[in-house]
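The values are calculated or read from the model by the stated rules, or taken from the named source; none is laboratory data. Remember, it's a predicted structure, so these values are computed and weren't measured experimentally. Here the Cβ positions follow ideal geometry from the backbone for every residue, glycine too, while neighbour counts run over all protein chains shown.
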Amino acid sequence: MTGLLAAESDGSVFDDVRDFFDSSAWLVVRNLAFFFVAVFWLSVAYWVYKAARRRIADPWLVATATVLGLVPPFLGPLIYTLFRPPEYLDDVRERELEIKAMEERLKSRGRCPVCRTEVDPDFLVCPVCTTRLREACPSCKAALEPLWQVCPYCERPVVRRSLDLGETMGAPLESGLEAPLRGPPRGTRGRTRRAE
């Protein structure tokens, strides 16, 4: 008799499980599960679309990434995250603008032609090597560019002083600097070597 009760109880457990899967409650649970899986799948595909639009400029590649997010369900977004571009397009544009601004800032500051030190556009002489970079306006003392014919600040015509090279070559040097700068006369250089 005990064997019969065990057989009946085993049969009733399986009957209860079978009855549950045949009931309308199971159909509702199953349909709700399919619905939530489908909504989650579509939301993940939408996330791939939104992320691709922020990272990829080409519309065809955005469409390809979206299809990749849809077609292998739940595996496509993982593949997309492995191969997506590392930066957002806005970050790339911002970095390019920063680089362009730095280049403009560097262009606005000039360099001394002799020692290559950065100098401001309003410097008259280089503060490192004392090379004259610009002339000063006689009336307002503003820095003038070499090609300007008139001072743009006070409207005074620029009068350029012409230098005679003979005057500059024959100008006396300080006593301590004269000896190292002067060499032997031009014609004697070759003769002194031959004589030795």
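Only residues that are surrounded by fewer than 12 Cβ atoms within 10 Å (Cβ to Cβ) and touching a strand residue (DSSP E or B) at 6+ places or on another chain (Cβ under 8 Å): list them for the stretch 112-126, please. Show your work before the answer.
Looking only at the stretch 112-126, we keep the residues that are surrounded by fewer than 12 Cβ atoms within 10 Å (Cβ to Cβ), and these are 113, 116, 120-122.
Across the stretch 112-126, the qualifying residues are 120, 121, 122.
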### So residue 103, is it of a type in the set (Asp, Glu), under 30 Å from the mean Cα position of the chain (by Cα) and assigned by TED's automatic domain parsing to the domain that holds residue 45
yes
#### Entry: Residue count, the stretch 20-70 (criterion: over 35 Å from the mean Cα position of the chain (by Cα) and outside any helix (DSSP H, G or I))
1
### Task
Would you mention how many residues in the stretch 52-108 are loosely packed, with under 11 Cβ neighbours inside 10 Å and among the aromatic types (Phe, Trp, Tyr)?
2
